[in-house]
Amino acid sequence: MSVDLGSEWMKIALVKPGVPMEIVLNKESRRKTPVAVCLKENERLFGDSALGVAVKNPMVVYRFLQSILGKTADNPQVAQYQKHFPEHQLLRDEKRGTVFFKFSDTLQRNFWQPIKDAVITVPAYFNQAERRAVLQAANIAGLKVLQLINDNTAVALNYGVFRRKDINSTAQNILFYDMGSGSTTATIVTYQTVKTKESGTHPQLQIRGVGFDRTLGGFEMELRLRDHLAKLFNEQKKSKKDVRENLRAMAKLLKEAQRLKTVLSANAEHMAQIEGLMDDIDFKAKVTRSEFEALCEDLFDRVPGPVKEALAAAEMSMDEIEQVILVGGSTRVPKVQDVLLKAVGKEELSKNINADEAAAMGAVYQAAALSKAFKVKPFLVRDAAVFPIQVEFSRETEEEDGIKTMKHNKRILFQRMAPYPQRKVITFNRYMDDFVFYINYGDLSFLGEQDLKVFGSQNLTMVKLSGVGSSFKKHSDAESKGIKAHFNMDESGVLILDRVSNLVLDFKTDAEKPEEKSDAEKVEETEADKKSKPQKKSKISEDITVELEVNDVLDPSTEDMEVLQDLTDRDLEKQEREKTLNSLEAFIFETQDKMYQDEYLAVVTEEEKEQITGKLSEASNWMDEEGYTAGTKELKEKLSELKKLCKAMFFRVEERKKWPDRLAALDSMLNHSTIFLKSVRLIPEGDQIFTEVELKMLERVINETMTWKNETVAEQEKLSPTEKPVLLSKDIEAKHSFLDREVNYLLNKAKFAKPKPKDKAKDKNTTSTENSNANSTANSTEDAEKVIPPKTEEVKPAEEPPTAEEKEETILELNPAENTDTGNSQSTNHPDISVDAKSFQN
């Protein structure tokens, strides 16, 4: 699956056999789910269920969490979140330095459907800390993350996959402008076909430039509208209280502002109205689009910013961009489109992509490509690192005057917009003992002052190396090629230090071993003699011990995991209880209804009826008084007791329903079997392919089945409907299957049997003599019949045995009832995805 994790909404797509790519509907049958969680008392809710609580009790609903993911307590975005949602109290985690919410200890957790493999989208501007936070959250959720994919890259992949035929060796540059609820991103993508050594020529997308605004989005517009509505309500002076101090009323206004923003995108004005906004006072006010645009004027001024940043990062101009494509729900605001169109200088803005689902569909295509269960046409993806990363280290150097100083060095590891996945190696040549180096972000001058504050620490990791000195001592006679640090930026954009090693070259003489000489004969080899002998280089790589101090979000503590597990256990217990409660309620109401139906009244005595009806009424009263507070165990016991009481009644009704069809099928089988037996009995003895034993066996089975059926039906007719039946549907099915098996055995034998050859005519001379003798002896009809020469027929050679395919086809012809037409099933298969059926076995 893919998870397009936005700031306000989450979309999920699946790839599966038959329907390779589709958006998943949630339990409300919607194609997108709000990113919201409700934690109150002994209950935990997600999505739309959580939003339903937000209006009544906003203090227990948590939304728009993406902006504070992986952020330290002093990050400006944490303060901004606190301002937007004053009902929440954010505290600092002493271990991690990040923030957490203060809430009640009694919580519940919603059920999760476990899915093994997932690709999750993240904003392109997520740094290392934010990416690791998402990976940790997925790990806690039990997901196996195949890859974190940037949401702009997923959109570009979705666009390219469906336009594969339009991509050729000529580079096409397209700008995707994505304004969502919480942020805005502009991405320049180059499409063209490239030739690879492994698999030939394939289309490729390369991210060339990215610009972003972390806080520009539809949510900020909704907050402006909310505050405007609050101002209008206060001006109406229907209440002496300030509506802005009422958290519940402000939550209602925010919900109305979200609806209003959508409506004003298509209408010039609209009436905002809320029943019982505060103190049972209704609110109603007209808002125009021009008022809305005036409220958000400074936001609209920021619309061109990401485009300019993307062009600067790609070192391109708008003349090189073929088209601008809109993505994200907030691009539907007319003013956003007007400002953007003017900024890019194009004739029009393209809307030829699903603005809401493109990222989810692109990510699920990538999930299919990474999964072993599907064969996907290759579409190469070259993503880009938005933030440069460098290695920094210091070493002591000696100046010409003999004074020793510390020199600080920087080595660029990944430049801005460097493609990934990619591996890099940095060599430290002048260290002979243990040392320390740092992995930091590079030049971030392209970020504004506020973005730098939001970005957080620019130091990623401090790396302490030990064992360097001992490694050099161990290989003192060898030539060192330096300490090599191997880095990898993987497909998720996460930087990993794979290993650090000391690479040395050990020189060995490759000449033949000289003969032993006496001390008098030994001559010391000169340097020239040594150099004249051939030498062999031997590479030795010895790993160095690495200790990392990551300035990053730490893994969850044991205590955190215990709390989460407790939530899981409580949720599972709650789900089990609700399921049992619903089953008990349904059983009581359905069975009470059945007690008025003729088919059920016919099979119970008056005493049974009174007993069942009484128990059901008793259980119904118990449900109204005590049942809704009863535990799962008690509910299960009550349900089991009622099922046991009604079991005999249900059994008698079900049997009587099955009798007509089962008996009709058995009668038909007996009729066809009898006709078949009579037919094969008429086959001449010379052509008979069945043995007498086989025919008598079939005859015996027919007679026994017919006798059993007649006797059992007669016995059943003598019984009352309220008594336990002797005619059982399972016995009828067993008799039918046994008889059917006997007939099929003979049918198959007939199909594959070889025809018997006829006796050849006697010798002509012998025949002539016999005829002469017979004519001279008698003229009776009986004697004449004896001398009539036998009619000779051409004997055909035995046919070749049928092949396996022919056998299968033959069996289907002999058993027309089994040769059912399943029809031509159709599925909306993606042209670039096929299913590997073997991967879904077991």
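Of the residues that make up segment 139-146, is at least one farther than 20 Å from LEU370 by Cα, crowded, with 24+ Cβ neighbours inside 10 Å and out of contact with any Cys (no Cβ under 7 Å at 6 or more places or on another chain)? No: segment 139-146 contains no residue that is farther than 20 Å from LEU370 by Cα, crowded, with 24+ Cβ neighbours inside 10 Å and out of contact with any Cys (no Cβ under 7 Å at 6 or more places or on another chain). Within segment 657-684, restricting attention to residues that are open to solvent by less than 70 Å² (accessible area, probe 1.4 Å) and over 58 Å from the mean Cα position of the chain (by Cα), which residue is modelled with the lowest pLDDT? In this case the residue turns out to be ILE683. In the set (1) free of Cβ contacts under 8 Å to residues at least 40 places away in the same chain; (2) open to solvent by less than 90 Å² (accessible area, probe 1.4 Å); (3) in contact with a Leu (Cβ under 9 Å, 6 or more places away or on another chain), the condition left unmet by LEU698 is number (1).
Checked against (1) in contact with a strand residue (DSSP E or B) (Cβ under 8 Å, 6 or more places away or on another chain); (2) open to solvent by less than 20 Å² (accessible area, probe 1.4 Å); (3) more than 12 Å from PHE428 (Cβ to Cβ); (4) of a type in the set (A, V, I, L, M), ILE496 passes all but condition (2).
The sole residue among GLN89, GLN82 that is surrounded by fewer than 20 Cβ atoms within 10 Å (Cβ to Cβ) and under 21 Å from LYS453 (Cβ atoms) is GLN82. Those strands (runs of 3 or more DSSP E) of segment 403-442 in which 1 or more residues are closer than 17 Å to ARG382 by Cα occupy 404-414, 418-420, 422-428. Are any residues in segment 399-426 open to solvent by less than 50 Å² (accessible area, probe 1.4 Å) and either at pLDDT 85 or above or under 16 Å from VAL463 (Cβ atoms) (or both), and if so, which ones? Hits for segment 399-426 are ASN409, LEU413, PHE414, MET417, ALA418, PRO419, TYR420, ILE426. Just name the residue that is most open to solvent (accessible area, probe 1.4 Å) out of those in segment 221-242 that are closer than 29 Å to GLU8 by Cβ, touching a residue at least 24 places away in the same chain (Cβ under 8 Å) and among the basic types (Lys, Arg). Among them, the one singled out is ARG224. Scanning segment 217-249 for residues that are in a loop (DSSP other than H, G, I, E, B) and either over 35 Å from the mean Cα position of the chain (by Cα) or more than 21 Å from SER7 (Cβ to Cβ) (or both) gives LYS237, LYS238, SER239, LYS240, LYS241, ASP242, ASN246.
Conditions tested, residue by residue: (1) among the aromatic types (Phe, Trp, Tyr); (2) in a helix (DSSP H, G or I); (3) modelled with pLDDT under 85; (4) open to solvent by 40 Å² or more (accessible area, probe 1.4 Å).
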site	(1), (2), (3), (4)
TYR62	yes, no, no, no
ARG96	no, no, yes, yes
SER104	no, no, yes, yes
GLU130	no, yes, no, no
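Got a number for residues in segment 46-59 being in contact with a strand residue (DSSP E or B) (Cβ under 7 Å, 6 or more places away or on another chain) and crowded, with 21+ Cβ neighbours inside 10 Å? The qualifying residues number 3. Could you check, for segment 621-639, whether at least one of its residues is surrounded by 14 or more Cβ atoms within 10 Å (Cβ to Cβ), more than 17 Å from LEU746 (Cα to Cα) and assigned by the TED database to the domain that holds ARG741? There is no residue in segment 621-639 that is surrounded by 14 or more Cβ atoms within 10 Å (Cβ to Cβ), more than 17 Å from LEU746 (Cα to Cα) and assigned by the TED database to the domain that holds ARG741. Criterion applied to ASP687, ASP731 was being under 58 Å from the mean Cα position of the chain (by Cα) and among the charged types (D, E, K, R), and the one residue passing it is ASP731.
Could you tell me which numbered condition LYS372 fails, if it satisfies all but one of (1) without any contact (Cβ under 8 Å) to a residue 60 or more places away in the chain; (2) loosely packed, with under 13 Cβ neighbours inside 10 Å; (3) not hydroxyl-bearing (Ser, Thr, Tyr)? Among (1) without any contact (Cβ under 8 Å) to a residue 60 or more places away in the chain; (2) loosely packed, with under 13 Cβ neighbours inside 10 Å; (3) not hydroxyl-bearing (Ser, Thr, Tyr), the lone unmet condition for LYS372 is (1). Only a single criterion out of (1) closer than 23 Å to VAL61 by Cβ; (2) surrounded by 23 or more Cβ atoms within 10 Å (Cβ to Cβ); (3) free of Cβ contacts under 8 Å to residues at least 60 places away in the same chain is not satisfied by GLY218, namely (3). With the condition kept exactly as written, say whether any residue in segment 648-667 is assigned to a loop (DSSP other than H, G, I, E, B), touching a residue at least 60 places away in the same chain (Cβ under 8 Å) and not acidic (Asp, Glu). No; the residues of segment 648-667 include none that is assigned to a loop (DSSP other than H, G, I, E, B), touching a residue at least 60 places away in the same chain (Cβ under 8 Å) and not acidic (Asp, Glu). Within segment 278-307, residues that are under 22 Å from VAL55 (Cα atoms) have Cβ atoms under 9 Å from residues that are β-branched (Val, Ile, Thr) in these pairs: MET278/VAL243; ASP282/ILE274; PHE283/VAL243; PHE283/ILE274; LYS284/ILE274, counting only partners at least 6 apart in sequence or on another chain.
Would you check if GLY209 is outside the structural domain of ALA294 (by the TED database), small (Gly, Ala, Ser) and surrounded by fewer than 24 Cβ atoms within 10 Å (Cβ to Cβ)? When the stated conditions are applied, GLY209 does not pass them. Of all positions in segment 250-269, at least one carries a residue that is of a type outside the set (S, T, N, Q), open to solvent by less than 20 Å² (accessible area, probe 1.4 Å), assigned to a helix (DSSP H, G or I) and in contact with an Asp or Glu (Cβ under 6 Å, 6 or more places away or on another chain).
Annotation: of all residues in segment 221-241 being touching a helix residue (DSSP H, G or I) at 6+ places or on another chain (Cβ under 9 Å) and among the polar types (S, T, N, Q), the one that is modelled with the highest pLDDT is ASN234. Could you look through segment 132-169, keep only residues that are assigned to a helix (DSSP H, G or I), polar (S, T, N, Q) and in contact (Cβ under 8 Å) with a residue 12 or more places away in the chain, and pick out the one that is farthest from GLN77 (Cα to Cα)? Within segment 132-169, the match that is farthest from GLN77 (Cα to Cα) is ASN158. Of the residues in segment 15-22, not one is open to solvent by less than 30 Å² (accessible area, probe 1.4 Å), not assigned by the TED database to the domain that holds SER371, not in a loop (DSSP other than H, G, I, E, B) and not small (Gly, Ala, Ser). All conditions in (1) of a type in the set (Ser, Thr, Tyr); (2) free of Cβ contacts under 8 Å to residues at least 24 places away in the same chain; (3) closer than 30 Å to SER181 by Cβ hold for THR405, with the sole exception of (3).
The values are calculated or read from the model by the stated rules, or taken from the named source; none is laboratory data. Everything quoted here is computed from the prediction, not taken from an experiment. As a convention, Cβ positions derive from the backbone with ideal geometry for all residues, glycine included, and neighbour counts pool all protein chains shown. Just the protein is used for accessible areas: all its heavy atoms, side chains included, with ligands, DNA and RNA removed. Shrake-Rupley method; radii C 1.70, N 1.55, O 1.52, S 1.80 Å.
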